[in-house]
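Heads up: the structure comes next, in structure tokens.
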Amino acid sequence: MRVPLSWLREFVQIDMPVEELAHLLNMGGLGVEDIRREDDEVALVLEVTSNRGDCLSIVGVAREVAALTGQSMLHPAAAPSSEGNGSDVSGRASVEICEPDLCPRYVARIVEDVRVAASPGWMQKRLVSGGIRPINNIVDATNYVLLEMGQPLHAFDFAALTDAAIVVRRAAAGESVITIDGLDRPLTDEMLVIADAERPVAIAGVMGGLETEVMEGTNTVLIEAAHFNPISVRRTRTALGMSTEASYRFERWIDPAGCLRAADRAVELMAKTAGGTILRGAIDKYPIKTAPTKVALRPAQVKRHLGIEVAPDDVQKMLRRLEFTVTVEDDIVCEVPTFRNDITREADLIEEIARLYGYDNIPVTLPSGVSPQAGEDDIKRLERRAKSVLMRCGLQEVWTFSLTRPEMIAKANMADGMEPLRLRNPLTEDYTVLRTSMLPSILEALSNNVRVGNHDVHVFESGKVYVPIANAQLPDEKRAFAIAMMGTNRSCAWGTAKDASGADFFVMKGVMDHLLRDFGVVAETISWQPLTDGGVFHPGRAATVVVADVQIAALGEVHPHVADEFGLPEKAYLAELDFDALARLARPERRYASLPRFPASNRDIAMIISQDVPAASVEKTIRARGGDLVVGVVLFDVYTGKGIDDDKRSLAFSIRFRSPERTLTDDEVDASLAGIKAALRKELGAILREG
């Protein structure tokens with residue numbers, strides 16, 4: 001917004017250099033983007049924040065300057081002639097407000113016998129310096145008031161209004177209006193319009209209509225000064241793809257108490273520049289009155305928030321400089337004028353005090369004590385630790401969007417009937433819902449790599465998933481990790497055979513084992529359970545990880561159908577980890593022990609066992625029966641085929657025995673091993689292979 005200094009000086013005294021004034025406004029919250037000097041005029045170009053619609057006018061800026069400098073300002077007042085000397089306006093026109101929630105106030109005034117022509121040079125100069133193109137003396141008068149007082153006005157050719165009626169209503173289905181820019185605008189029933197007795201003649205708060213535009217032959221004009229709902233105006237102009245000086249101000253709040261003053265000022269200027277007779281009075285419909293807001297301020301809170309001592313008397317003086325009505329009860333109570341709709345709570349008043357006191361005058365101090373929020377929280381530390389573990393395993397971190405589309409979820413065969421949370425206004429069709437799993441996104445990352453010729457991808461991602469909850473409005477927000485492997489891991493050591501570094505189920509299991517071990521999860525509490533109906537996973541080639549009866553992860557080979565959907569030419573492997581669950585189970589403190597003082601004894605056992613018995617169950621039985629003497633169990637061979645029934649398989653384990661107190665004798669080791677064999681036979685039906 002441009003503010004010519006010559007115009008500003010009509011309302012407030014300015015003795016300081018323009019650069020000093022710019023600094024004062026900057027520190028007071030009105031950003032000065034530029035100082036422009038054109039001919040003999042100097043203008044400030046201001047950036048006004050969206051909550052300060054009251055500053056989108058010369059008067060509003062003058063009020064700020066007066067408050068910041070402690071001066072009084074001169075308010076514009078309409079001349080007595082603006083009261084009118086013609087016939088009474090109430091008998092000449094009618095105003096009906098059908099939507100008072102969208103238009104709480106509408107003021108109409110009429111000037112007849114006007115002569116439409118070019119406006120005088122002084123007015124044209126003012127408009128140009130304010131950034132508006134002069135049109136004619138009637139329209140220029142409304143724009144002059146717009147810049148001066150911040151109230152958008154519109155002038156209708158009174159003769160073009162059917163039955164001299166103004167009706168503020170919603171548009172009907174199928175209606176349209178040709179606006180003054182010559183475009184035919186289709187309307188919806190969500191849009192507020194100004195209509196006469198037959199048709200819409202303007203889009204409320206946005207732009208007037210061509211059929212009632214003031215032209216050279218116009219004799220009588222009706223001036224509109226209204227307050228429209230900011231949200232309604234924004235939605236309308238957004239739907240129509242347009243923005244005007246009027247809509248820009250209505251969206252940021254127009255003072256409903258100023259409508260009549262602005263209309264009076266406009267008819268005064270029209271009578272001065274276009275002649276004519278002002279009809280007596282105004283049609284002022286005000287169905288929903290806006291009352292000033294009362295906000296209480298506790299003086300002690302000023303010091304608590306600002307860190308400085310401000311005397312209560314000085315607080316009251318500052319607030320009165322803002323044109324607030326101040327009374328003192330138990331607290332300081334402010335009646336906030338309707339032009340300041342941004343002041344609603346105590347903190348807002350304290351911010352105003354800080355502005356007027358001067359941010360430059362508040363001493364710079366370092367915070368004392370220790371903030372309870374300082375540093376990195378536990379979950380972030382664990383998350384960083386998990387990333388470090390996965391990177392040491394040769395994985396690279398990737399980032400994908402937390403938004404996806406339902407088709408992507410279905411493509412990954414993960415649509416479970418629960419509707420994901422959908423965005424009300426998505427920016428693109430590709431991102432319409434919050435993801436319920438990270439696997440579709442990381443599958444798409446694999447697919448994107450394949451399309452550019454990279455078939456060797458070993459990556460992970462951390463982020464959040466949003467799991468729908470039945471009969472709940474919002475989903476359960478969880479932290480998760482996803483891992484994807486395909487092809488050869490190029491981070492493996494030089495010279496490693498391709499087959500040795502390729503992705504498979506056991507490589508993925510090893511990564512998961514390494515992560516759980518680093519997080520201090522006790523091995524005996526971990527169980528691996530087959531996953532036969534895994535959606536995205538290949539049936540029979542996937543598993544869930546359960547720790548202390550809590551499922552924390554699922555991993556396995558990608559289902560062939562899903563791999564085809566994503567265009568993956570070779571086997572890929574995925575894992576998804578419930579990181580919140582892992583964090584609750586983690587014992588990440590490292591414990592150190594001295595090196596063993598006594599030697600270990602190794603024994604190998606082989607057995608034939610049912611295919612339905614997981615190797616993890618065998619290992620669990622070995623550890624449980626061997627007790628503290630068993631310090632290591634390794635599965636080193638799995639055999640199926642000749643000599644073994646189809647429903648059986650051969651497993652071979654190496655067991656390490658050691659005592660921390662003495663060297664074990666062969667008899668002690670053999671006795672422990674015998675107990676383990678007996679338990680395997682009894683509990684798991686194993687047939688031990690001897691010799």
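Values in this text are rule-based calculations from the coordinates and carry no lab data. Treat the numbers as computed from the prediction; the structure is a model and nothing was measured. We place every Cβ from the backbone using ideal geometry, glycine too, and count neighbours over all the protein chains shown.
What to note about this one:
- Sparse-neighbourhood loop sites, trypsin sites (Lys or Arg not before Pro) in the stretch 247-347 - DSSP loop, at most 10 other Cβ within 10 angstrom: Lys289
- Computed about the Cα centre, the dipole magnitude for the chain is approximately 2040 debye when only Lys and Arg (+1) and Asp and Glu (-1) carry charge, each at its Cβ.
- Across the options Leu595, His227, Pro363, the greatest Cα extent toward the positive end of the charge dipole of the chain (unit charges at beta carbon of Lys, Arg, Asp, Glu) belongs to Leu595.
- Of the residues Asn137, Ala164, Val114, the one whose Cα sits farthest toward the positive end of the charge dipole of the stretch 109-192, with +1 on the Cβ of Lys and Arg and -1 on the Cβ of Asp and Glu, is Asn137.
- In this simple spin-label approximation, Glu190 and Glu19 carry label points 7 Å from Cα along the Cα→Cβ vector, and these lie 5.0 nm apart.
- Phi angles across the stretch 430-446 convert, under the Karplus curve 6.51 cos²θ - 1.76 cosθ + 1.60 with θ = phi - 60°, into 3J(HN,Hα) values of 6, 9, 10, 9, 6, 5, 9, 8, 8, 5, x, 5, 6, 5, 5, 5, 4 Hz, Gly and Pro given as x.
- 21 Å Cα-Cα threshold exceeded, pairs from Lys571/Lys648; Lys509/Lys642; Lys387/Lys411; Lys387/Lys509; Lys571/Lys620: Lys571/Lys648; Lys509/Lys642; Lys387/Lys411; Lys571/Lys620
- Ordering of 50-56, 226-232 by burial proxy (mean other Cβ atoms within 10 Å per residue, highest first): 226-232, 50-56
- When shorter helices are ignored and each DSSP H run of at least 4 residues is given -39500 (n - 2.57), the per-residue value for the chain at 222 nm works out to -9000 deg cm²/dmol.
- Value of Rg to Rh for the stretch 2-69 (Rh from inverse mean 1/r over Cα pairs, i.e. Kirkwood): 0.91
- Amide H partners (placed H, <5 Å) of His154, local residues excluded: Glu224
- Taken about its Cα centre, the stretch 2-69 carries a charge dipole of about 260 debye when Lys and Arg each add +1 at the Cβ and Asp and Glu each add -1 at the Cβ.
- When you filter the GluC sites (Glu not before Pro) in the stretch 657-691 for DSSP loop state and at most 12 other Cβ atoms inside 10 Å of their Cβ, you are left with Glu661, Glu690.
- Temperature 37 °C, viscosity 0.692 mPa s: under these conditions the Stokes-Einstein estimate for the stretch 510-655, based on its Kirkwood radius over C-alpha pairs, is 186 µm² per second.
- Here the contact order of the chain, divided by its residue count and restricted to Cα pairs under 8 Å and six or more residues apart, works out to 9 percent.
- Fraction in percent of alpha-carbon pairs per bin - 5 Å, the stretch 378-585: 1, 7, 15, 19, 21, 17, 12, 5, 2, 1, 0, 0
- Radius of gyration and maximum dimension Dmax of the chain, Cα, Å: 39.1, 125
- ³J(HN,Hα) computed for each position of the stretch 514-531 - Karplus, 6.51 cos²θ - 1.76 cosθ + 1.60, integer Hz, glycine/proline x: 4, 5, 5, 5, 5, 8, x, 6, 5, 4, 5, 8, 8, 9, 10, 10, x, 10
- The charge dipole of the stretch 40-176, taken about its Cα centre with unit charges on the Cβ of Lys, Arg, Asp and Glu (plus for the first two, minus for the last two), comes to roughly 160 debye.
- Coil-residue GluC sites (Glu not before Pro) of the stretch 364-452, DSSP, other Cβ within 10 Å capped at 12: Glu376, Glu429
- What the phi angles of the stretch 388-404 give under the Karplus curve with 6.51, -1.76 and 1.60, with θ = phi - 60°, is a coupling list of 4, 4, 5, 5, 5, 7, x, 9, 10, 7, 10, 10, 10, 6, 7, 9, 8 Hz, glycine and proline written as x.
- Environment charge at Leu322 (Cβ cut-off 13 Å; Lys +1, Arg +1, Asp -1, Glu -1): -1
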